[in-house]
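Notes for the one structure printed next.
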Amino acid sequence: MSQWPAAKAKRVLAALLRIGWHIKRQSGSHRRLSRGGWPDYTFAFHDDVEIGPAMLARIAAQTGLKPENL
């Protein structure tokens with residue numbers, strides 16, 4: 001079983017901002033996030049979308065997000 005719970009995109013974005021990411025630019029629901037020492041990441045989810053465990057694991061691999069950050 002995955003250690004990741006499903007979560008709303010709004011909650012995931014808030015967690016990313018808390019761990020040091022910031023929004024570089026936005027076009028619609030596509031937000032380009034930036035953080036020193038990491039390649040830019042495109043967060044392309046509407047705020048009310050539920051993100052499942054598999055996608056959260058992929059986001060974590062690219063951003064350094066951990067389950068306890070949610």
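Rounded, prolate or oblate: pick one for the chain, where a ≥ b ≥ c are the square roots of the eigenvalues of its C-alpha gyration tensor, a/c under 1.5 means rounded, and failing that, prolate if a/b is larger than b/c, else oblate. Present the calculation step by step, with values, prior to reporting the outcome.
Values: a/c = 1.88, a/b = 1.27, b/c = 1.48.
Verdict is oblate for the chain.
How many Å² of accessible area per residue for the chain, probe 1.4 Å? Numbers along the way, then the final one.
Numbers: 4240 Å² over 70 residues.
Value returned for the chain: 61 Å² of accessible area per residue.
Determine which aspartates and glutamates satisfy two conditions relative to residue 10: a Cα distance under 13 Å, and not lying fewer than 8 residues away in the same chain.
47, 48, 50
Just the number, please: carbon plus sulfur as a percent of the accessible area of the range 15-70, 1.4 Å probe, no ligands or DNA/RNA counted.
Looking at the range 15-70 in its full context, I get 52 percent from C and S.
The values are calculated or read from the model by the stated rules, or taken from the named source; none is laboratory data. Computed from a predicted model, the values in this text were never measured in an experiment. Quick note on the areas: whole protein, heavy atoms, side chains included, nothing else; ligands and nucleic acids left out. Shrake-Rupley method; radii C 1.70, N 1.55, O 1.52, S 1.80 Å.
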